[in-house]
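Read through the structure below, which is laid out as structure tokens, and then see the notes.
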Amino acid sequence: MEIPAMTRRLWDDYLTDRDREVFRQSGFGATAGFGERPALMIIDVSYGFAGDRPEPILQSIKRWSNSCGAESWDAIAVIADLADAFRAKELPVLYTTGEIRPDGWDIGSWAWKNGRTGEQTRPPAGMDPNQIVPALAPQPRDIVVTKQKPSAFFGTPMSSYLNLLGCDSIVVTGTTTSGCVRASVIDAFSENYRLTVVEDGCFDRSQASHAINLCDMHAKYADVVPATEVLSYVDGLPEGLFAGRLPAGTPAGAAAAAAQ
Amino acid sequence: MTERIWDAFLTERDKAVFAASGYGARGGFGARPALLVVDVNYAFCGDKPEPILDSIKRWRNSCGEESYVAVASIARAIAAARAKGLPVIYTTGIRRPDQWDSGSWSWKNDRSLEKPKAPPGIDGNAIVPEIAPEPQDIVVRKQKPSGFHGTPLSSYLNLLGCDSVLVTGTTTSGCVRATVIDAFSENYRVALIEEGCFDRSQASHAINLCDMNAKYADVVPEAEVLAYIDGLPDGLFANLPSGVAPEDRQAAE
């Protein structure tokens, strides 16, 4: 079946003809739409997953076993624009990144499926693989959630933070599309949040996994849209949606002290 | 290196990246496994084996005739697990009659609130009769993709003292994938029976098996799992459900 260029999606080339027909007829892939009170989620955009500089993936993974290579940095530029837009509108910006004990005991199941897991505790030149890349460094009013497993929700206070903020929806960016993004989207869907996945703000080490995981998420759990669509949506939101709800970004005593 | 079902869907660069990044190592089986059978009900299989494009006219979630090929494989795994006294745990869906609790499911599917155009009296959430749960089996009702989300599954695995799960069912890219991620996150050893998983999308089936094998689980053939079960000691699980209500047990004594 010929697909019109307008509606052509990144994943179409990876699907079989039967798959395209099944998706069309089974009703999946409808547009869920944006919510009214969104947070931006930036998942695991750390040195461990982006490498410490843009370089071809097969170079980058020699030093960083989890790296997604040069595409990481294309997405990072997109995410930076989104983060600026969310901050300008005083909407919540939530980051996740990994955390493990120095002795690696809590790596648990991660160690079972990857022959290079041990290297994560031996990063190049003393760099921290879990550090968010400087181009996306969290600002004082942003929220950083550290996690140990794929989902941003698993064993973390993420769900309670979204309740505290009164969010009804999440705009998701970061990496990997097939790993922590996918797992976080499933859990957010299960918690009945409206979800948008930013197509050009997500990245993965595997091209096929990237494409098909976007396809699966768009079919069932989230709207997969370009960043430009999110930027115009954010632009159209009312001001002050999260007044009194966002972190102050200054120590609790400091504001009072400064006022005196 | 044996050809895997997902190789045809990967790019050449993907194959090089997976080889170099260390993913896809063999995790290995555990010592105390439970068999999980995810959502193998009429809604996902249709009420009879027929080509998927026919089946989804009546059952919008159907995975078509491949479902019933997998059901035969799952039936063999269930028989082996029961014979060895291993826990067999099913999941299937549950909804209020007014479907208020569909929640996010209704946002992404235009057909989510339609009534199944199916033979009257067939409940989409009923496990297909070929693998009907028996009294000593465990059935977990869920509302979202993962067998763990909002269910007692994790506490049941603790109660049984399981260290691992053998996963079968559907869809590979949906509830199987979500359940595998949560089992991984709970630090269980996870193996999938390749022939016992199915999906409505061929590409999604292949790539989700690839992703899970890379990161979270061993994707292994049925024969290997059956041999593993066969080699386990008898009597591993003294605390399986008896399948008999206490009053009936007393009456029998």
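The values are calculated or read from the model by the stated rules, or taken from the named source; none is laboratory data. Note that this is a predicted model, so its numbers are computed, not measured. As a convention, Cβ positions derive from the backbone with ideal geometry for all residues, glycine included, and neighbour counts pool all protein chains shown.
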- Filter segment A:234-255 for residues that are part of a helix (DSSP H, G or I) and either surrounded by fewer than 10 Cβ atoms within 10 Å (Cβ to Cβ) or touching a Ser or Thr at 6+ places or on another chain (Cβ under 8 Å) (or both); which is modelled with the highest pLDDT? A:252
- Message: Can you find, within segment A:144-166, the residue that is surrounded by the most Cβ atoms within 10 Å (Cβ to Cβ) among those that are under 24 Å from residue A:223 (Cα atoms), more than 14 Å from every other protein chain (Cβ to nearest Cβ) and not aliphatic (A, V, I, L, M)?
- Response: A:161
- Do we have residue A:204 as within 10 Å of chain B (Cβ to nearest Cβ), free of Cβ contacts under 8 Å to residues at least 60 places away in the same chain, surrounded by 24 or more Cβ atoms within 10 Å (Cβ to Cβ) and within 25 Å of residue A:69 (Cα to Cα) here? no
- For segment B:1-64, list the helices (runs of 4 or more DSSP H) that sit wholly inside it and hold at least 3 residues that are at the interface with chain A (Cβ under 7 Å from one of its Cβ atoms); which are they? B:12-21, B:52-58
- Task: Name the single residue, out of those in segment A:97-111 being more than 21 Å from the chain's Cα centre (by Cα) and in a loop (DSSP other than H, G, I, E, B), that is surrounded by the fewest Cβ atoms within 10 Å (Cβ to Cβ).
- Result: A:102
- Of the numbered conditions (1) assigned to a loop (DSSP other than H, G, I, E, B); (2) within 14 Å of chain B (Cβ to nearest Cβ); (3) modelled with pLDDT of 95 or more, residue A:65 fails exactly one; give the number of that condition. (3)
- Quickly run through segment A:190-205 and pick out the residues that are closer than 21 Å to residue A:8 by Cβ and of a type outside the set (Phe, Trp, Tyr). A:196, A:197, A:198, A:199, A:200, A:201, A:202, A:204
- Task: Just name the residue that is modelled with the lowest pLDDT out of those in segment B:100-123 that are over 18 Å from residue A:28 (Cα atoms) and in a loop (DSSP other than H, G, I, E, B).
- Result: B:118
- Task: Would you mind finding the one in B:70, B:75, B:81 that is within 14 Å of the chain's Cα centre (by Cα) and in contact (Cβ under 8 Å) with a residue 60 or more places away in the chain?
- Result: B:70
- Within segment A:177-195, considering residues that are β-branched (Val, Ile, Thr) and within 14 Å of residue B:149 (Cα to Cα), the one nearest to the other protein chains (Cβ to nearest Cβ): A:186
- Query: Across segment A:68-96, which residue is nearest to residue B:188 (Cα to Cα) among those that are away from chain B (no Cβ under 14 Å) and part of a loop (DSSP other than H, G, I, E, B)?
  - Reply: A:92
- Is there a residue being within 14 Å of the chain's Cα centre (by Cα) and under 19 Å from residue A:34 (Cβ atoms) anywhere in segment A:161-170? yes
